[in-house]
Amino acid sequence: MFDTPFLDIPPLIAAEGCVRLPGSKSISNRVLLLAGLCEGTTTLHGLLDSDDTRVMLDALRALGCAIENGGASTRVTGLGGRLAVHSASLFLGNAGTAMRPLTTALALLAATQGGDFELRGVARMHERPIGDLVDALRALGCTIDELGQPGYPPLRLRGGRLDLDQPIRVRGDVSSQFLTALLLALPLVAAERDIAIDVAGELISKPYVEITLKLLARFGVVVRRDGWQRFTIAAHGDDGAYRSPGELHVEGDASSASYFIALGAIAAADGHSVRIEGVGSESIQGDIAFADAAEQMGARVTRSANALEVRRGAWPLRAIRLDCNHIPDAAMTLAVMALFADGTSRLANIASWRVKETDRIAAMAAELRKLGAVVTFGADFIEITPPVQWRAAEVRTYDDHRMAMCMALAAFNPLAGARPGVPVRILDPRCVAKTFPDYFETLFDVVRAEPEDIPVITVDGPSASGKGTLAAALAAALGFHYLDSGALYRATALAALSAGVGDNDPAALARLGGKLDLRFEAGSTLLAGANVTEALRREDVGAMASKIAAWPELRDTLRALQLSFRRLPGLVADGRDMGSVIFPAARLKVFLTASAEERALRRHKQLISKGFSARLEDLLADLRARDARDTNRAVAPLVAATDALLLDNSGLTIEASVDRVLAWWKERSPFA
Ligand code: DC
């Protein structure tokens, strides 16, 4: 996951490959609730692991459900319709799919069994309407207090007396989640009589209600539907409100699929395709209809039961005019596809966008305009005309995962004729954790940029100047990959020592270097899967590395490996010749120095802290000798690249050094 303040996506030019989707958010949170309310244990496979499902799981745990997480499957033992805990305060983040159904279930349970529950979320959740649902529940006899603004969470649910004689009325034209919440929870009180729900107003987002009905059926609940106006839950007698299906497989998320369908339509040209596994023609999610809309714009989609394969068809894409009421979430992706169309697109009947994670109509208009698009909008529509002149834009995401995910596709601007292509900066990329924590990693796995467009920062400097620490911190701050090039020489040395290859056999050393299977992961270095972080720092390994690094044969072999670290979204490379030989066109080169005295002092501290004894004078003499050797050696001597920026960090903390370099990086960024 990218936990950085921003993520810069370089201009992208092509897509190809296979993605496996995370589990559906809508299905995950519905089946979690149903499993939590029913009797017995339900094993859920392929559940989404994200912010929104985590708050639901935490809530169920707080209510007394037993939950065992076993990687790909989660076992939930439900309450069997009986409250185990009669008082709790639940935090539900910004998950509408948790807030609405839990409010309903707990209001009904508190009214029939007694209880006092408080439900709250993040600030935005307290701006998302729930008044129509509260009204419906109050009409039933539930006692509900609005603790903030009337009509919005936070809410307190405390008892009441149910009167189920009247049919229940709920508005359907603000959010279909109100109806879904009632459908999911009302079986709790439908032992003796059928319960009817009447929908007032035109029901929006009908496919989401269909998901609800299909999942209720999996839990043994029979609902009769008369048009989209009346829903009747059949009395269940002594059978218990819900019957666990035992096991249940959660499909991939069809809304998440939209980004990769768009990807195929925009960038899978020349015989390439994007394959999407986890949803297909048998999906019960309404957003699967996004594939039809993408086809209208030109995509070529091949459907199988549980997968989609997408290629570019018409290019540029065809502008579209579409009523998007049936695919409100995925329609955001159409707004970004519209940037690549041959005219003005109009997405209509999207008023519900205003009450989602943010006001999505206003947000989308503001951010698309930054890229150069011409946008007009009203209370329930948006119209988009592609940019004539693309601009590098800093895209705000409004704590809305879908803003971040769909706007990333704007990085394909070179395919729409942007010359030169412009990068796209996504602010707060972490917000994708709501439904797709690994979204950007998944995206970067299947897209391609021109290598020279992938930014590189090089950090070089004498031994013990702190370049490794600085480089790793820079990489973490920018979400870039990190190449510790010294580790490649050290790893070759380690391999040579264990294979009995001497330092005087350049051909054998080059062969070993060519076979290195080296990965840098969260502070560890893995060689052929084994953790060699400690072994690489060994004295004998360092000494061997310093000798073999002088062989041009080995340096040549390691060159290709070093170049292969230049991957999306960018690279920080530290080591001897990174700025001069390997990445001579790096966008920023830093030559880090510190006085020999200061470096000796740091190394001394480091050794003492690890329990080694060392004399400061010896270390200083060693460093001076090594500086002389490194500077004067014939092959790859230690010299600052002519265009490197010098940073003497003798008197600077690591944080101050990082800040200095980030300020240099900012000066080079194209974002206004
Ligand atoms: O930075 P380090 O101490 O881990 O480097 C190990 C050895 O490899 C050291 O002697 C310098 C050499 N080296 C090199 O020649 N070229 C590089 N790009 C990186 C390191």
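None of the figures in this text is laboratory data; all of them are computed from the coordinates on show. In this text the structure is predicted, and so the values were computed from the model without any measurement. Every residue, glycine as well, gets a Cβ built from its backbone with ideal geometry; the counts of neighbours run over all protein chains shown.
At a 10 Å Cβ-Cβ cut-off, how would you order M332, M1, fewest neighbours first? Arranged by neighbour count, lowest to highest, M332, M1 become M1, M332. Between 0 and 90 degrees, the angle of helix 596-609 with respect to the longest Cα principal axis of the chain falls at about 60 degrees.
Taking every Cα-Cα distance in region 98-225 and sorting them into 10 Å bins starting at zero, the pair-distance distribution P(r) comes out as 13, 47, 35, 5, 0 percent. Label positions at R559 and K515, each projected 7 Å from the Cα along the C-beta direction, are separated by 2.3 nm. Overall shape: oblate for region 1-132, with the ratio a/c of the largest to smallest alpha carbon gyration tensor axis at 1.5 or above and b/c at least equal to a/b. Just so you know, the averaged projected area of the alpha carbon convex hull for region 524-573 sits at 4.5 nm².
A full extension of the chain between R156 and D135 corresponds to an added length of 6.2 nm, given 0.36 nm per residue minus the alpha carbon distance.
Summarising the amide proton neighbourhood of L645: residues at separation of 5 or more, or on other chains, whose placed amide H is nearer than 5 Å comprise K589, V590, F591. Each principal axis of the Cα atoms in region 58-117 has its own extent, and those three values, largest first, are 36, 26, 15 angstrom.
The tail of the calculated P(r) for region 109-157 beyond 13 Å holds 54 percent of all Cα-Cα pairs.
Short to long, the 10 Å bins of the Cα pair-distance histogram for the chain hold 3, 14, 21, 19, 17, 13, 8, 4, 1, 0 percent of all pairs.
Simple rule: put +1 on each Lys or Arg Cβ and -1 on each Asp or Glu Cβ in the chain, find the dipole, and look at A351, T653, A241; the Cα lying farthest toward the positive end is T653. Structure note, pairs K370/K589; K214/K356; K467/K610: Cα-Cα distances above 22 angstrom occur for K370/K589; K214/K356.
For the chain, a simple Cβ point-charge model (Lys and Arg +1, Asp and Glu -1, everything else neutral) yields a dipole of about 620 debye relative to the Cα centre.
Taking a ≥ b ≥ c as the square roots of the eigenvalues of the Cα gyration tensor, region 294-449 is classed as rounded, since a/c falls below 1.5. Count the DSSP beta bridges whose two residues both fall in region 125-222, then state the antiparallel fraction as a percent rounded to the nearest 5. Within region 125-222, antiparallel bridges account for around 50 percent of the total. Once Rg and the Kirkwood radius are both taken over the C-alpha atoms of region 158-244, their ratio Rg/Rh works out to 0.95.
Going by neighbour counts of Cβ atoms within 10 Å, the residues C18, C324 line up, fewest first, as C18, C324. Here the average projected area of the convex hull drawn through the C-alpha atoms of region 553-638 stands at 7.6 nm².
Is it possible to state the helix-based mean residue ellipticity at 222 nm for the chain, with each DSSP H run of 4+ residues giving -39500 (n - 2.57), the sum divided by total residues, to the nearest 500 deg cm²/dmol? What is it? The helix contribution divided over the chain gives -11000 deg cm²/dmol.
For the chain, the longest principal axis of the Cα atoms and the long axis of helix 467-478 meet at an angle of about 20 degrees. Here the chain carries DSSP beta bridges of which approximately 60% are antiparallel, counting only pairs with both residues inside.
With the cut-off at 1.5 for a/c, could you classify region 483-583 from its C-alpha gyration tensor as rounded, prolate or oblate? Taking the square roots of the gyration eigenvalues as a ≥ b ≥ c, region 483-583 is oblate. Evaluating kT/(6 pi eta Rh) at 20 °C and 1.002 mPa s, with the Kirkwood radius of region 365-485 over Cα pairs in the Stokes-Einstein relation, gives 129 µm² s⁻¹.
Using only Cα atoms and rounding to the nearest 10 degrees, what angle (0 to 90) does helix 552-563 make with the longest principal axis of the chain? The two axes meet at around 20 degrees. Taking amide H atoms as placed 1.01 Å from N in the peptide plane, the amide H of D323 lies under 5 Å from those of A348, each 5 or more residues away in sequence or on another chain.
For region 593-670, the Stokes-Einstein estimate of translational diffusion at 10 °C and a viscosity of 1.306 mPa s comes to 108 µm²/s, using the Kirkwood hydrodynamic radius over alpha-carbon pairs. A dipole drawn for the chain from +1 and -1 charges on Cβ atoms has a positive end, and of S87, F381, L371 the residue lying farthest that way is L371. Longest stretch of the chain clear of exposed loop sites (GluC sites (Glu not before Pro), DSSP loop, at most 15 other Cβ atoms within 10 Å, sites excluded): 283-672. Exposure proxy shown here: for L647, L186, the number of other Cβ atoms within 10 Å sets the order, fewest to most, as L647, L186. Whole-Hz Karplus values for region 112-117 come out as 9, 10, x, x, 8, 10 Hz, taken residue by residue from phi with 6.51 cos²θ - 1.76 cosθ + 1.60 and θ = phi - 60°; glycine and proline positions read x. When region 9-111 is described by a simple charge dipole with +1 on each Lys and Arg Cβ and -1 on each Asp and Glu Cβ, the residue from V55, S24, G78 located farthest towards its positive end is G78.
For region 542-548, putting each phi into the Karplus relation 6.51 cos²θ - 1.76 cosθ + 1.60 with θ = phi - 60° gives couplings of x, 5, 5, 4, 4, 6, 6 Hz, in residue order, rounded to whole numbers and with x for Gly and Pro.
Amide hydrogen proximity for V374: with H placed 1.01 Å from N in the peptide plane, the residues at 5 or more positions away or on another chain lying under 5 Å are T385.
With the Kirkwood sum run over all distinct C-alpha pairs, region 438-488 has a hydrodynamic radius of 12.8 Å.
Applying the Karplus relation 6.51 cos²θ - 1.76 cosθ + 1.60 with θ = phi - 60° to region 12-24 yields 3J(HN,Hα) values of 10, 10, 7, 9, 6, x, 10, 10, 10, 7, x, x, 5 Hz, where x marks Gly and Pro. Normalised Debye scattering of region 210-251 at q = 0.26 Å⁻¹ gives log10 I(q)/I(0) of -0.96, counting only Cα atoms as equal scatterers and leaving out solvent.
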